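To keep things clear, I will list the structure first and then write my remarks on it.
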Amino acid sequence: MNARRTLWLVLIFVLVLAACQSGEDASGPPEIRYGEDVCDRCNMLISEPRFATAYATESAKVRRFDDIGCLFLHAQEEGETIASYWVHDFNSEEWIAAEEATFVVNPDLVTPMGWGIASFAEGGDADAYQAEEGGTVLSFAELKAQIDSGELNPMSMGMKQHNH
């Protein structure tokens, strides 16, 4: 009887422990299953790594997006306190902390939701892209301020959207 009781206690402990874990590590960039995961704002499939973005809230909820504009709009609409923002480098498609990235807003760049924003790990890469393709180079804070204020949005900029 003692062995049976111990087994039940171990089983209950394991179930309680599993229920308490969120299943997601919010301390770094999330895994995105391209072509399967959907954007938390627009519900479109996230299919292009170079434009995929994410953030983690202070309560360790992870949100995934198909375009950087969706990330900022969702954060603004939901009023969540953000612990970290993540974007992909346009060239390497590697995750980078958004606050450390340099961005180019280019109305001719076709992105999933029409924001025309590319992110770069290195400022020199952003400058080179801007020199060749055009657009405006912005820091994270400048980009966020323009989107938050409504100054930058796909409709007013005549930006192009992918056809999903």
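The values are calculated or read from the model by the stated rules, or taken from the named source; none is laboratory data. All figures in this text were calculated on a predicted structure; none of them were measured in a lab. We place every Cβ from the backbone using ideal geometry, glycine too, and count neighbours over all the protein chains shown.
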Problem - Residue count, segment 62-86 (criterion: farther than 18 Å from ARG33 by Cβ and not in a helix (DSSP H, G or I)) - result: 7
Handout entry: So SER119, is it hydroxyl-bearing (Ser, Thr, Tyr), modelled with pLDDT of 95 or more and buried (at least 20 other Cβ atoms within 10 Å of the Cβ)
Key = yes
Problem - Restricting segment 46-66 to residues that are touching a helix residue (DSSP H, G or I) at 6+ places or on another chain (Cβ under 8 Å) and of a type in the set (A, V, I, L, M, F, W, C), the residue that is nearest to ASP89 (Cα to Cα) - result: PHE51
Exercise for the section: Scan segment 69-84 for residues that are without any contact (Cβ under 8 Å) to a residue 60 or more places away in the chain, within 22 Å of VAL104 (Cβ to Cβ) and of a type in the set (A, V, I, L, M) and jot them down. Expected result: LEU71, ALA75
Exercise for the section: Give me a count of the residues in segment 121-140 that are in contact with a strand residue (DSSP E or B) (Cβ under 8 Å, 6 or more places away or on another chain), aliphatic (A, V, I, L, M) and not in a strand (DSSP E or B). Expected result: 2
Practice task
Residues being touching a strand residue (DSSP E or B) at 6+ places or on another chain (Cβ under 8 Å) and on the phi > 0 side of the Ramachandran plot: count how many of those fall in segment 72-115.
Solution key: 1
Exercise for the section: Would you tally the residues in segment 84-102 being surrounded by 15 or more Cβ atoms within 10 Å (Cβ to Cβ) and under 14 Å from the mean Cα position of the chain (by Cα)? Expected result: 11
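Taking the condition in a helix (DSSP H, G or I) and of a type outside the set (D, E, K, R), does ALA118 pass?
Values: in a helix (DSSP H, G or I): no; of a type outside the set (D, E, K, R): yes.
No; evaluated as a whole, the condition is false for this residue.
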